[in-house]
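Peer 1: Just dropping this structure here.
The values are calculated or read from the model by the stated rules, or taken from the named source; none is laboratory data. Note that the structure is predicted; figures quoted are calculated from it, not measured. All Cβ positions, even for glycine, are placed from backbone atoms using ideal geometry, and neighbour counts span all protein chains on display.
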Amino acid sequence: MGLLDDVGRTMLDAVETSGRGAILLARAARHMVRPRGTFGRIMEQEFVCGVCSIPVVAITALFSGMVISGQVGLALRQFDALSTVGGVTGITMCRELGPVLTAVVVAGFVGGGMASAIATMKVNEEIDALEVMSIDPVRYLVVPRLAAMVVGVPLLTVFADAVGIWGGWMVGRYTLGIPDAEFLRSCREMLMVKDVWFGMFKGLVFSIIITMVACAQGFAAEGGPEGVGRATMKSVVYSSLLILIANYLVFSLVWRPFLDEGVRM
Amino acid sequence: MENAGQGPAIEAINLHKSLGGRPVLRGVDLRIGAGRTVCVVGCSGCGKTTLLRHVCGLLKPDAGRVLIGGRDISAASGDELAAIRRNIGVLFQSAALLGSLTVLENVALPLIEHGVRPLAKAREIARECLRMVRLEGYESYMPSELSGGMRKRVGVARAIVERPGIMLYDEPTSGLDPVTGATILELIRDLRDRMNVASLVITHDMEAAYRIADGIAMLHEGRIVESGPPDAFRASANPVVRQFVEGRSEGPMSGAHAAGARRDG
């Protein structure tokens, strides 16, 4: 029963966080229409969430692309279908691994930092100070982060797609012995524009989840440094959980009904 | 505790508040006139900070109300709350400076966020406030590079930058050495004289209260049990006041103090 209790409690907590995140999103959305005076802070956050994440996203995508290409190649070799490795790697990266891995990395790297920064401000009374100065903490803290993330994460996703395919091509060329022209032809034939757009759309959805969960946990932090640590940990765990759940929901609600047929790249 | 012929700048009427199921305020009545400084004293956990948080609208009372210049801050929300708060400056116990901004950026923040342009004008006003608290030359320092006393002075500069009519100080001398504490007290007195602000000072430091107050009120078990000018307060025969002023461990407050110490209010 103890394990079931823990799972139940975690799920309830995740649902509560989602609810608080949704309320924050509604408040932030009002300010997103006219983000007065936040351009500088948006650029600052863009640097933190976009530029600083590039190395860690690149390493993650590179090795994921390499392992996908290697595993797919070894499996398809038995069916004499090595010529399709490029396309399968491209589709896997663009539709699934690119957006999901980027989001999970960003949830830890950026979302965790976001939650701890806001939680520290909360326990140090800085958020109270903003309120009594008549500065809306949602406009001041959440809007720049959300704006930076909804732009940054989809772009990082495309970057991860490209790096992953490049990693797959290297393994195809040097380990599996697939000629470059064959790898590229397979990519051209199987990969479609909608695969890239779909990955970016998922990046957009995940960026909203990461930001809202991180900010909601930060604002809910209580009780000094321990509270900051707890908020950071919860932010990373719940973001990752919700990303995986949302990934399936987007597949079944968007991909399957609307995108099963498309334009060839 | 107000000047004859003037309405109170701050008026708490029959304020009740419970936190975590424990009644903290049980019918607090307090009036502070323009240009007057009132110190609210009491043991840790007696509800002093809770009272201050009601006065600046960070907490809503369970019953009763707080009028700021005749406007009910407890019932206000949105733009009305923001407008009332712009007439209130708060020095938090920890100063609550934004750790990611320099001293000058911290002080100029309310002006910039409220649309004071050009930015050079906002910065010049902020520099003037820093001169008032004798911190010229520290504009580019980060809060982490300052001592506790300097941080509090920056907190005061930020609180007065919009020329409020009301100042709230939460334990302004706590954690400071006597000399630095005296500097802060001088600053509070100086601001009252120069800007004619109504000040509510939360403290448990009786020496500080005698030095700056026009009136002293004692909060005990959620109620104001004694109030009056410093001399009358010092001579009070109320056994609760006597025990607090004389700093004795034995007396009518012993039980309450032990209970209150479990949770600082």
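Peer 1: If you go through region A:169-224 one residue at a time, how many are over 24 Å from A:Cys49 (Cα atoms), in a helix (DSSP H, G or I) and polar (S, T, N, Q)?
Peer 2: Adding up the residues that qualify gives 1.
Peer 1: Under 30 Å from A:Pro225 (Cβ atoms) and either at pLDDT below 95 or buried (at least 18 other Cβ atoms within 10 Å of the Cβ) (or both): does that describe A:Cys52?
Peer 2: Considered against the rule, which asks whether it is under 30 Å from A:Pro225 (Cβ atoms) and either at pLDDT below 95 or buried (at least 18 other Cβ atoms within 10 Å of the Cβ) (or both), A:Cys52 comes out as yes.
One line per residue, one yes/no per condition, for (1) crowded, with 16+ Cβ neighbours inside 10 Å; (2) without any contact (Cβ under 8 Å) to a residue 12 or more places away in the chain; (3) within 13 Å of the chain's Cα centre (by Cα):
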position	(1), (2), (3)
A:Gly168	yes, no, no
A:Gly172	yes, no, no
A:Arg188	no, no, no
A:Val205	yes, no, yes
A:Ile210	yes, no, yes
A:Pro225	no, no, no
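Peer 1: Among A:Lys194, A:Lys202, which is the only one that is modelled with pLDDT of 95 or more, among the basic types (Lys, Arg) and closer than 21 Å to A:Ala61 by Cα?
Peer 2: Working: A:Lys194 fails: modelled with pLDDT of 95 or more.
Exactly one residue qualifies, and that residue is A:Lys202.
Peer 1: Moving to a separate point now. Checking the structure you have, find out if any residue of region A:43-60 is outside any helix (DSSP H, G or I), touching a residue at least 60 places away in the same chain (Cβ under 8 Å) and not basic (Lys, Arg).
Peer 2: yes
Peer 1: Mind listing just one residue for me: the one in region B:72-88 that is within 14 Å of the chain's Cα centre (by Cα) and at the interface with chain A (Cβ under 8 Å from one of its Cβ atoms) and, of those, nearest to A:Ser134 (Cα to Cα)?
Peer 2: For region B:72-88, the residue satisfying everything is B:Arg85.
Peer 1: Within region A:111-138, restricting attention to residues that are among the hydroxyl-bearing types (Ser, Thr, Tyr) and farther than 25 Å from B:Ile166 by Cα, which residue is nearest to the other protein chains (Cβ to nearest Cβ)?
Peer 2: The first filter runs over region A:111-138 and keeps only residues among the hydroxyl-bearing types (Ser, Thr, Tyr), leaving A:116, A:120, A:134.
Among the residues that remain, those that are also farther than 25 Å from B:Ile166 by Cα are: A:116, A:120.
Working: A:Ser116: 12, A:Thr120: 7 Å.
Among them, the one singled out is A:Thr120.
Peer 1: Under 20 Å from A:Val132 (Cα atoms), outside the structural domain of B:Cys43 (by TED's automatic domain parsing) and either buried (at least 19 other Cβ atoms within 10 Å of the Cβ) or modelled with pLDDT of 90 or more (or both): is that true of B:Gly155 in this structure?
Peer 2: Details: under 20 Å from A:Val132 (Cα atoms): yes; outside the structural domain of B:Cys43 (by TED's automatic domain parsing): yes; either buried (at least 19 other Cβ atoms within 10 Å of the Cβ) or modelled with pLDDT of 90 or more (or both): yes.
The answer is yes for B:Gly155.
Peer 1: Does region A:144-166 contain any residue that is among the hydrophobic types (A, V, I, L, M, F, W, C) and within 12 Å of another protein chain (Cβ to nearest Cβ)? Lay out the reasoning, then the answer.
Peer 2: Filtering region A:144-166 for residues among the hydrophobic types (A, V, I, L, M, F, W, C) gives A:146-151, A:153, A:155-156, A:158-160, A:162-163, A:165-166.
Restricting the remaining residues to those that are within 12 Å of another protein chain (Cβ to nearest Cβ) gives none.
There is no residue in region A:144-166 that is among the hydrophobic types (A, V, I, L, M, F, W, C) and within 12 Å of another protein chain (Cβ to nearest Cβ).
Peer 1: Within 14 Å of chain A (Cβ to nearest Cβ) and either farther than 25 Å from A:Thr38 by Cβ or among the polar types (S, T, N, Q) (or both): which single residue out of B:Glu171, B:Glu113 fits that description?
Peer 2: After applying the criteria, what remains is B:Glu171.
Peer 1: Additional query: For region B:56-78, check the following and say yes or no: at least one residue is under 30 Å from A:Thr38 (Cβ atoms), among the β-branched types (Val, Ile, Thr) and in the same structural domain as B:Gly175 (by TED's automatic domain parsing).
Peer 2: Yes: region B:56-78 contains one or more residues that are under 30 Å from A:Thr38 (Cβ atoms), among the β-branched types (Val, Ile, Thr) and in the same structural domain as B:Gly175 (by TED's automatic domain parsing).
Peer 1: Using beta carbons and a limit of 8 Å, which pairs, at least six apart or on different chains, have the first residue in region A:64-86 and farther than 15 Å from A:Asp161 by Cβ and touching a residue at least 40 places away in the same chain (Cβ under 8 Å) and the second one basic (Lys, Arg) and in a helix (DSSP H, G or I)?
Peer 2: A:Ser83/A:Arg185
Peer 1: Residues that are modelled with pLDDT of 90 or more and farther than 26 Å from B:Thr180 by Cβ: find the strands (runs of 3 or more DSSP E) completely inside region B:190-255 holding 1 or more of those. Before the answer, list the steps.
Peer 2: Numbers: elements: B:198-203, B:215-220, B:223-228.
Qualifying strands (runs of 3 or more DSSP E): B:215-220, B:223-228.
Peer 1: All but one of (1) within 14 Å of chain A (Cβ to nearest Cβ); (2) surrounded by fewer than 18 Cβ atoms within 10 Å (Cβ to Cβ); (3) under 23 Å from B:Ile32 (Cβ atoms); (4) aliphatic (A, V, I, L, M) hold for B:Leu119; which doesn't?
Peer 2: Just one mismatch for B:Leu119, condition (3).
Peer 1: Given the structure, is A:Gly37 on the phi < 0 side of the Ramachandran plot and at pLDDT below 90?
Peer 2: No.
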